[in-house]
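**Q** Handing you a structure now.
The values are calculated or read from the model by the stated rules, or taken from the named source; none is laboratory data. Computed from a prediction, not measured in an experiment: that's the story for all the values here. In this analysis, Cβ positions are derived from the backbone assuming ideal geometry, glycine residues included, and neighbour counts consider all displayed protein chains.
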Amino acid sequence: MVDAIASRTSGTGDFDTAIPGLTFFRREVLAGPTVCMTEPSVVLVAQGAKRLWLGGTAYRYDADHFLLTSLDLPANSEVLEADSRKPCLGLTMKLDLRVVADLIAQGSIPPTRDRAVGACVGIGDATPTLLRPFDRLLGLLDEPDAIPALAPLIQREIHYRLLVSSQAAKLRRIALVDGQGHRIAKAIDWVKLNYAEPLRVEDLAARVQMSAPTFRQHFRQLTAMSPLQYQKWLRLNEAKRLMLNEHLDASSAAFKVGYESPSQFSREYRRLFGSPPKKDVSSLRGLAVAPTSGQ
């Protein structure tokens, strides 16, 4: 896997592949915690090590351990082991929760004892049984004509392997349509589409047919933050993107993402990113670094 990724990447960055939902990453320098947005995915590190921070909890993953996330989650990611001679190399494969639900519906997945109380992030052992289909998936990059026919089959097998792994419960609770986790996922989808609008937790809970207290409890369990904190994170990161990529000033970006007070925006921006908006964006432009969206 190291050779397959190293030969298709260079420098530091994230790299799309010809296989839908599969990306490579390469890091040649150590990096402290960087704000990112996870998505339902499995991450393998072929060489080096990384760490994800969510709500004060650290999740370290390396060649022996995979990272699984089953929701879109604001987090911080850092690179623990990497240099130019031995870069941190790995891959991210998006998970399709419809495939997870379909596999569960077939009745061939054994029940899990883990009730998966806590955030929808977990670390599991990168066993040979899990790595073999990934090796076959990467092998398709040398057979591009076979990708449309075979990649979906191999990716479905990977979903199965995850459903019989130690992290199965984290997938189940989100994929099952009658579960609380699935309702939280629907609420998150709504907030992502409407982050600039005023948010009343009671209305959002009603939208997904939950009481407000139950909704708050499960939302925090799964995401390690409140619904309003989640919305704030989305707003601030979109404002950062607007300032960096579309050259909006701080006040214009603040109003566009739903803030009514530029001073409140500046305070909350500094609290999240460590610097005032203007200084932070100027620094990023000097480094030619864009906000990250992956783990």
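**Q** Give just the number: which of (1) in the same structural domain as Leu68 (by TED's automatic domain parsing); (2) closer than 30 Å to Pro74 by Cβ; (3) at pLDDT 95 or above does Leu141 not satisfy?
**A** (2)
**Q** Are any residues in region 210-226 in contact with a Lys or Arg (Cβ under 7 Å, 6 or more places away or on another chain) and within 17 Å of Ile174 (Cα to Cα), and if so, which ones? Spell out the reasoning first.
**A** Within region 210-226, the subset in contact with a Lys or Arg (Cβ under 7 Å, 6 or more places away or on another chain) is 210, 226.
Result: Met210, single match.
**Q** Mind listing whichever residues of region 111-130 are under 24 Å from Gln221 (Cβ atoms) and either at pLDDT below 95 or out of contact with any His (no Cβ under 9 Å at 6 or more places or on another chain) (or both)?
**A** The answer is Pro111, Thr112, Arg113, Asp114, Arg115, Ala116, Val117, Gly118, Ala119, Cys120, Val121, Gly122.
**Q** Identify, please: which residue in region 78-103 is modelled with pLDDT under 95 and of a type in the set (Gly, Ala, Ser) and is, among those, surrounded by the most Cβ atoms within 10 Å (Cβ to Cβ)?
**A** Ala101
**Q** A further question follows. Regarding Glu39, is this residue closer than 12 Å to Gln295 by Cα, in contact (Cβ under 8 Å) with a residue 40 or more places away in the chain and surrounded by fewer than 22 Cβ atoms within 10 Å (Cβ to Cβ)?
**A** Details: closer than 12 Å to Gln295 by Cα: yes; in contact (Cβ under 8 Å) with a residue 40 or more places away in the chain: yes; surrounded by fewer than 22 Cβ atoms within 10 Å (Cβ to Cβ): yes.
Considered against the rule, which asks whether it is closer than 12 Å to Gln295 by Cα, in contact (Cβ under 8 Å) with a residue 40 or more places away in the chain and surrounded by fewer than 22 Cβ atoms within 10 Å (Cβ to Cβ), Glu39 comes out as yes.
**Q** Inspect region 185-202 for any residue being assigned to a helix (DSSP H, G or I), modelled with pLDDT under 95, surrounded by 21 or more Cβ atoms within 10 Å (Cβ to Cβ) and not assigned by TED's automatic domain parsing to the domain that holds Leu97 and give the result as yes or no.
**A** Scanning region 185-202, I find at least one residue that is assigned to a helix (DSSP H, G or I), modelled with pLDDT under 95, surrounded by 21 or more Cβ atoms within 10 Å (Cβ to Cβ) and not assigned by TED's automatic domain parsing to the domain that holds Leu97, so the answer is yes.
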